[in-house]
Amino acid sequence: MITDNSIREIYKKFSRPHKKREELQLEYFIPILSEHHAIKICGDEIILEDLEEFNPFRRFLIRSLNAVLEFDKMVAFVFRSHILFLGKDNDQMRVHMRPEPKKSFFGKLFGH
């Protein structure tokens, strides 16, 4: 189960982009997801073809991925500002947007 604490840990642990494309193991994850999602790799992009053309999560650059993680029923594509969860057993898709850090007292006072 994916909880708020586990999402916080994912952002903390995978805060930097991957060094090598092989670290993402896309050749392992794409066939698993393609059973329920129209997903493909096209050059340096991953495209979710079952989403509408103007959906901001339809296509993304592989170099912008920090990690790809497998859970019991989901595969998570981790980015700097959000996590895209795709179901392994169904066509479910969820997006978690990273909350902005809270401003300090001086940041609130001086608008930084």
What list of ³J(HN,Hα) values in whole Hz, one per residue of the stretch 7-13 in order, does the Karplus curve 6.51 cos²θ - 1.76 cosθ + 1.60 (θ = phi - 60°) give from phi, with Gly and Pro shown as x?
5, 4, 5, 4, 4, 5, 6
Of all C-alpha pairs within the chain, those more than 23 angstrom apart amount in percent to 32
Show me, for the stretch 18-23, the HN-Hα J-couplings you get by feeding each phi into the Karplus relation (A = 6.51, B = -1.76, C = 1.60, θ = phi - 60°), rounded to Hz, glycine and proline as x.
5, 8, 10, 4, 5, 4
Whole-Hz ³J(HN,Hα) from phi, Karplus 6.51 cos²θ - 1.76 cosθ + 1.60, for the stretch 97-106, glycine and proline x:
8, 5, x, 6, x, 6, 7, 6, 4, 5
Search the structure for amide H atoms under 5 Å from the amide H of MET74, placed 1.01 Å from N in the peptide plane, and list their residues when 5 or more places away or on another chain.
LYS88
Any idea what the dipole of the chain comes to, in debye rounded to 20, about its Cα centre with Lys/Arg Cβ at +1 and Asp/Glu Cβ at -1?
920
Determine the alpha carbon to alpha carbon distance for each of LYS13/LYS40; LYS19/LYS73; LYS40/LYS88; LYS20/LYS40; LYS13/LYS102 and list only those over 21 Å.
LYS13/LYS40; LYS19/LYS73
Burial order of peptide ranges 67-80, 24-37, 92-105 (average beta-carbon count within 10 Å, highest first):
67-80, 24-37, 92-105
So which trypsin sites (Lys or Arg not before Pro) in the stretch 6-59 end up in coil per DSSP with only 10 or fewer other C-beta atoms within 10 Å?
LYS19, LYS20
For a quick check: with amide H placed at 1.01 Å from N, whose amide H comes under 5 Å from GLN92's, ignoring anything fewer than 5 positions away on the same chain?
GLY87
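All of the numbers you see were taken from the coordinates with simple rules; none came from a lab. Predicted, not measured: the structure shown is a model, and the values here were computed from it. Neighbour counts run over all protein chains shown; Cβ positions are idealised from the backbone, glycine included.
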